[in-house]
Amino acid sequence: MMISERIKMIRNHFKLSQSEFGERIGLSRGAVVNLEMNRLKNPGDQTLRYNLICREFGINEEWLRTGKGPMLSAK
């Protein structure tokens, strides 16, 4: 599973629309669509966005990046 699919899984887990998800992390709906569709110009340079997702939703960063471990952080 790709990171873009895990981002969509997070959004669906919290039952949020793309707009609602984006509002929570300071992104437009279009930016969320691009994240979920893996249409980023430089996908390797998304550290800030991934950190925002992990912090806002309590996501285990290792899971988001690699798929290893539990989705939700133990914090």
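Details
- Test: residue in the range 38-56 that is among the small types (Gly, Ala, Ser), open to solvent by 30 Å² or more (accessible area, probe 1.4 Å) and at positive phi: no
- Arg65 meets the stated requirement of being part of a helix (DSSP H, G or I), open to solvent by 50 Å² or more (accessible area, probe 1.4 Å) and either in contact with a Ser or Thr (Cβ under 8 Å, 6 or more places away or on another chain) or under 10 Å from Ile3 (Cβ atoms) (or both).
- Residue list for the range 1-47, filter: of a type in the set (Val, Ile, Thr) and without any contact (Cβ under 8 Å) to a residue 60 or more places away in the chain: Ile7, Ile25, Val32, Val33, Thr47
- When the range 33-62 is filtered for residues that are closer than 15 Å to Met2 by Cα and among the hydrophobic types (A, V, I, L, M, F, W, C), the ones remaining, listed by number, are Val33, Leu35, Met37, Leu40.
The values are calculated or read from the model by the stated rules, or taken from the named source; none is laboratory data. As the structure is a computational prediction, the values presented were derived from the model and not from experiment. Heads up, the Cβs are rebuilt from the backbone with ideal geometry, glycines too, and the neighbour counts pull from every protein chain shown. The area values use the complete protein model at the heavy-atom level, side chains included, leaving out ligands, DNA and RNA. Shrake-Rupley method; radii C 1.70, N 1.55, O 1.52, S 1.80 Å.
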